Amino acid sequence: MKRIHYNQNSWFWVTVLVLSLVCILAGTFEFYEFENPSINKKIAAAGFLLQVIYFFRYFIYKNDVQVTKNVIMIRLNSWNGKRIYFDHIASTDLTENTLIVTKTNGEQITFDAKGIHLEDLQKLNELLLSKSESHLNIG
């Protein structure tokens, strides 16, 4: 059985991304002159390598859920994910092999949940319901 990876931006990953951008800018615009001019190219290359490491984590996990304040991005048994706004969720229906999210406009989004731990699916379903209810209570 496969697990669902809940992707949350931690300070570590934000630091890696910012450091990569600083390395790319410093290496490209050569803010400091070194005795060996190839050092700036190596700094820029290190920045691009950090970017590859940062974005490669999205390819490692096939079952991935990314949660922000207003949006959830779900990828289950697919390389393509669906982005759903919490305030657009009307209801969810969880069965053995599928998770169906019904939006307020009547559109249904179906996720294939074959081979995924039932506990992870229940956690995802509870997350969807709790976040959508919190938006309903505010409005």
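Looking only at the stretch 13-58, residues that are in contact with a Gly (Cβ under 9 Å, 6 or more places away or on another chain) and among the β-branched types (Val, Ile, Thr) come to 5 in all. Looking at Val22, Val14, Val18, just one residue is in a helix (DSSP H, G or I), closer than 23 Å to Ile72 by Cα and out of contact with any Ser or Thr (no Cβ under 8 Å at 6 or more places or on another chain), and that residue is Val14.
From the list Glu133, Glu96, Glu126, Glu107, the lone residue that is modelled with pLDDT of 95 or more, out of contact with any Pro (no Cβ under 8 Å at 6 or more places or on another chain), more than 28 Å from Phe56 (Cα to Cα) and among the acidic types (Asp, Glu) is Glu107. Residue-level check: of (1) farther than 19 Å from Leu127 by Cα; (2) out of contact with any helix residue (DSSP H, G or I) (no Cβ under 6 Å at 6 or more places or on another chain), Glu30 misses just (2).
For the stretch 1-15, a residue qualifies if it is surrounded by 13 or more Cβ atoms within 10 Å (Cβ to Cβ) and more than 24 Å from Gly81 (Cα to Cα), but none of them does.
The values are calculated or read from the model by the stated rules, or taken from the named source; none is laboratory data. Being a predicted model, the structure only gives us computed values, none of them experimental. Every residue, glycine among them, receives a Cβ derived from its backbone with ideal geometry; neighbour counts consider all protein chains shown.
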